[in-house]
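The values are calculated or read from the model by the stated rules, or taken from the named source; none is laboratory data. Note that the coordinates shown come from a computational prediction; the quantities given were computed from them, not determined experimentally. Backbone-built Cβ (ideal geometry, glycine too); neighbour counts: all protein chains shown. Calculation scope for accessible area: heavy atoms of the full protein, side chains included, ligands and nucleic acids excluded. Shrake-Rupley method; radii C 1.70, N 1.55, O 1.52, S 1.80 Å.
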Amino acid sequence: MKRRKALKNTIIGLGGISLLSSFTKMESLMNLLKVDQKIGIQLFTIPFLVDNDFEGALKMLSEMGYREIELFGPYPFSHDNSKQVFTQMQQMLNLKQHSFYGKSAKETSELMKDLGLTVPSVHCYIDSLRYGMNDFLEGMKPLAPKYAVIPALMNPEDRNSKEAYLKLAEEFNGFGKQMKAHSMKFAYHNHGYEHIAFDGEMGLDILLNNTDPEFVQFELDIFWMKAAGQEPIDYLKKYPNRFKMMHVKDAAKKFRFKGDGSTPDQWMEGFPLMSDPGDGIFDIQAMIEQGIASGVEHFYLERDMAPEPEQTLKNSIDKLNKMM
């Protein structure tokens, strides 16, 4: 954060305007002058800690300095299809609970407020939006998240052709329009398979180019994008103000999907190769700086199922505080 404050002071001290030539758009300068970012965490970083003691884990996060929480579902009000999808993963990972860990949405919201935490975004499966949008929006009211994010497309038919992605883009616009009345926006999180090209255009670009920024935004997972052979900084520059959230994690060594990145087994092969931000081979500092310049609003630590969670939490927030 000191680094960012120094940059602000330099811009202001030099009159700002003289530096505009170094920015492709006025928005980049305005993004740099916004309030300092709060460091957040996607709870899938510590699924066993929250599974065993939800309140205790949140208290620990707050004491360490984390201020924003991203939840993963399903939720009590999620569509049954979404619950069934997660049940398989839950059994595989040996998790007992999920989402609010026995509390209601209202109780969870009150707990967050008591601990000085907010919930800017939540992950949800697409079927909860397709077949249970009203229940989802009503259930989320106490937490008042700004973004509802689809973390992955589990059905291959949703992503196996250009036509499928164009259909998704239309559907995403519809989700966003419905959410607007509830002061929410829809967002999509990349997972790797979006970089298969159809007629020379990658799936992620099809979504970015055919969705309305008023209703649809994106969450950039830098690890999965790198695993698909693409560069997060290039996407941040190419699509300013479309990526509003970033999942920050590093890699101990280069990792590429053995296939197209479309199946959970390929994702889980990457888990052991993840490392805390700043401890691996990625230029996390450069990605964060470009993210800020390109309009990213929320930076979440997400080291999927961190093997030493307490150490990862402490190490990561110390490093991220210095970077931001």
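Laid out as a table, the results:
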{"read-out": "Qualifying residue in the range 185-202 (condition: open to solvent by 10 Å² or more (accessible area, probe 1.4 Å), farther than 23 Å from residue 229 by Cα and touching a residue at least 12 places away in the same chain (Cβ under 8 Å))", "value": "yes"}
{"read-out": "Those residues of the range 59-110 which are of a type outside the set (Lys, Arg) and touching a Lys or Arg at 6+ places or on another chain (Cβ under 7 Å), in sequence order", "value": "64, 68, 74"}
{"read-out": "Helices (runs of 4 or more DSSP H) lying entirely in the range 91-208 (those with 1 or more residues that are over 19 Å from the mean Cα position of the chain (by Cα) and over 19 Å from residue 70 (Cα atoms))", "value": "126-130, 133-140, 162-180"}
{"read-out": "Among the candidates 222, 281, 233, residue that is open to solvent by 20 Å² or more (accessible area, probe 1.4 Å), under 17 Å from the mean Cα position of the chain (by Cα) and aliphatic (A, V, I, L, M)", "value": "233"}
{"read-out": "Verdict on residue 73 being touching a residue at least 24 places away in the same chain (Cβ under 8 Å), open to solvent by 40 Å² or more (accessible area, probe 1.4 Å), under 20 Å from residue 46 (Cα atoms) and assigned to a loop (DSSP other than H, G, I, E, B)", "value": "no"}
{"read-out": "One residue from 110, 194, 201 being within 26 Å of residue 255 (Cα to Cα), among the acidic types (Asp, Glu) and out of contact with any strand residue (DSSP E or B) (no Cβ under 7 Å at 6 or more places or on another chain)", "value": "201"}
{"read-out": "Out of 273, 313, sole residue that is touching a residue at least 12 places away in the same chain (Cβ under 8 Å) and open to solvent by 10 Å² or more (accessible area, probe 1.4 Å)", "value": "273"}
{"read-out": "Qualifying position, being surrounded by 16 or more Cβ atoms within 10 Å (Cβ to Cβ), out of contact with any strand residue (DSSP E or B) (no Cβ under 8 Å at 6 or more places or on another chain) and either among the acidic types (Asp, Glu) or in contact (Cβ under 8 Å) with a residue 24 or more places away in the chain (or both), among 143, 129, 168", "value": "168"}
{"read-out": "Selection count where residues are modelled with pLDDT of 95 or more and at positive phi, scope the range 258-302", "value": "2"}
{"read-out": "Tally of residues being under 22 Å from residue 186 (Cβ atoms), in contact (Cβ under 8 Å) with a residue 60 or more places away in the chain and of a type outside the set (S, T, N, Q) across the range 76-126", "value": "5"}
{"read-out": "Pick from the range 293-305, criterion of a type in the set (A, V, I, L, M) and open to solvent by 10 Å² or more (accessible area, probe 1.4 Å), ranking: nearest to residue 221 (Cα to Cα)", "value": "305"}
{"read-out": "Subset tally (residues that are assigned to a helix (DSSP H, G or I), out of contact with any strand residue (DSSP E or B) (no Cβ under 8 Å at 6 or more places or on another chain) and under 27 Å from residue 90 (Cβ atoms)) for the range 272-311", "value": "4"}
{"read-out": "Number of the exception - residue 63 against (1) out of contact with any His (no Cβ under 7 Å at 6 or more places or on another chain); (2) buried (at least 17 other Cβ atoms within 10 Å of the Cβ); (3) modelled with pLDDT of 90 or more", "value": "(2)"}
{"read-out": "Unmet requirement for residue 108, which otherwise passes all of (1) open to solvent by 50 Å² or more (accessible area, probe 1.4 Å); (2) among the hydroxyl-bearing types (Ser, Thr, Tyr); (3) at pLDDT 95 or above", "value": "(1)"}
{"read-out": "Among residues of the range 64-84, those that are more than 24 Å from residue 297 (Cβ to Cβ) and more than 20 Å from the chain's Cα centre (by Cα), counted", "value": "7"}
{"read-out": "Hits in the range 209-245 (condition: among the hydroxyl-bearing types (Ser, Thr, Tyr), more than 20 Å from residue 161 (Cα to Cα) and in a loop (DSSP other than H, G, I, E, B))", "value": "239"}
{"read-out": "Filter pass, residue 256 being in contact (Cβ under 8 Å) with a residue 12 or more places away in the chain and surrounded by fewer than 18 Cβ atoms within 10 Å (Cβ to Cβ)", "value": "yes"}
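Matching residues to (1) modelled with pLDDT under 95; (2) over 25 Å from residue 315 (Cβ atoms):
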| site | (1), (2) |
| --- | --- |
| 42 | no, no |
| 53 | no, no |
| 59 | no, no |
| 67 | no, no |
| 77 | yes, yes |
| 87 | yes, yes |
| 93 | yes, no |
